[in-house]
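J.: Got a structure for you, written out below as structure tokens; questions coming shortly.
The values are calculated or read from the model by the stated rules, or taken from the named source; none is laboratory data. Keep in mind that what you see is a predicted model, and the values were worked out from it rather than measured. Here the Cβ positions follow ideal geometry from the backbone for every residue, glycine too, while neighbour counts run over all protein chains shown. Surface areas here come from the heavy atoms of the whole protein model, side chains and all, with no ligands, DNA or RNA. Shrake-Rupley method; radii C 1.70, N 1.55, O 1.52, S 1.80 Å.
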Amino acid sequence: YLKELAKSKADLEDQKKMLEMQKEDIVSYIQYARRIQNAILPQEDTIYRNIPLSFILYKPKDIVSGDFFWFHEIDGNNYIIVCADCTGHGVPGALMTVIGSNLLTQIITENRLYQPAAILQELDVRISTTLKQHKLKEEYVHDGMDLAMLKVDKQKKEFTYTSAKRPAIFIRDKQLQEFKGSKCSLGGFRQGEKKFE
């Protein structure tokens, strides 16, 4: 009985060591994923140069995040800034942030599309295409994102705001105004035609 007990204890110790090693590997992989995710985020000094009285509060709940921000300076007077919340937390959410950031770069930077409502329409289509959401199968990926986009023209002192389920607060002369945004998310289940204003 004592021999069996000693053998069981040794087996448990071996399993514990193996689990600890596997956990270390997984945490190491996720920390590496965080470095990749941070690399796709825009340089904060570029944002602060364009928006001097601003700050960024980016505090992931987990090691990696399902949230991201994105920025593009069109020219000296115009820029687009995005704040997005992807479905999923941790690694699945982080994968969506990479997809979202990459698609925004393609649509805005490479294709030079600068009208916010048109950008969101195109982003919605590309998320659905990338995740093959048009196919009704068991492995259907219904993920997407909620997103707020602001295009600013500093010379004209104008801004255009559009969003997918993300409100914004505008304060001027001590008056508060809320912009509710569109009532649909980007990607995910298709429920008729989506419209972003």
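J.: Order the peptides 169-176, 103-110, 6-13 from the highest to the lowest mean number of other Cβ atoms within 10 Å of their residues.
T.: Details: 169-176: 7.2, 103-110: 17.1, 6-13: 10.0.
For the peptides 169-176, 103-110, 6-13, the packing ranking is 103-110, 6-13, 169-176.
J.: Next question, about the same structure. Given a 1.4 angstrom probe, I'd like the percentage of the accessible area of the chain that is carbon and sulfur, rounded to a whole number.
T.: With neighbouring chains kept in place, the figure for the chain is 55 percent.
J.: Here's something else I'd like to know. Could you tally the net charge around K7, taking each other residue with its Cβ under 12 Å from the Cβ of K7, Lys/Arg +1 and Asp/Glu -1?
T.: Working: positive: K3, K9; negative: E4, D11, E13, D14.
My count for the surroundings of K7 gives -2.
J.: From the C-alpha gyration tensor of the range 1-95, pull out the three semi-axes of the equivalent ellipsoid (sqrt of 5λ each), sorted largest to smallest, in whole Å. Don't skip to the end; give the middle numbers.
T.: Values: eigenvalues 457, 23, 18 Å².
The answer is 48, 11, 10 Å, longest axis first.
J.: Treating the range 2-53 as a set of equal point scatterers at the Cα positions, no solvent, please give the Debye-formula log₁₀ I(q)/I(0) at q = 0.26, 0.31, 0.32 Å⁻¹.
T.: So the normalised log intensities work out to -0.92, -1.02, -1.04.
J.: Same structure, new question: Which whole-number percentage describes the relative contact order of the chain, with Cα contacts under 8 Å and a sequence gap of 6 or more?
T.: Values: 278 pairs, mean separation 31.4, N = 197.
Answer for the chain is 16 percent.
J.: Follow-up question, since we're still on this one. With the other protein chains left in place, how much accessible area per residue, in square angstrom, belongs to the range 1-128 at a 1.4 angstrom probe? Walk me through the numbers on the way to the answer.
T.: Details: 8280 Å² over 128 residues.
Ligands and nucleic acids excluded, the result is 65 Å² per residue.
J.: Which three extents, in whole angstrom, do the alpha-carbon atoms of the range 51-121 cover along their principal axes, largest first?
T.: 36, 30, 17
J.: Here is a follow-up. Roughly what % antiparallel, to the nearest 5, for the DSSP beta bridges in the chain?
T.: Values: 30 of 31 bridges.
Looking only at bridges with both residues in the chain, the antiparallel portion is about 95 percent.
J.: Give the whole-number value, in cubic angstrom per residue, of the convex hull volume spanned by the C-alpha atoms of the range 100-197.
T.: On the way: hull volume 10.0 nm³, N = 98.
Spelled out: Cα convex hull of the range 100-197, divided by residues, is 102 Å³.
J.: Working from the pairwise distances between different alpha carbons, so that the mean of 1/r is found and then inverted, what is the chain's Kirkwood radius in Å? It would help to have the intermediate numbers written out before the result.
T.: Numbers: mean 1/r = 0.0520 Å⁻¹.
Value: 19.2 Å, from the Cα pair sum.
J.: Sticking with this one: If you add up the charges near T162, with Lys and Arg at +1 and Asp and Glu at -1, over every other residue whose beta carbon is less than 13 angstrom from its beta carbon, what do you get?
T.: Working: positive: K151, K165, R166, K180, K183, K194, K195; negative: E122, D124, D146, E197.
For residues surrounding T162, the net value is +3.
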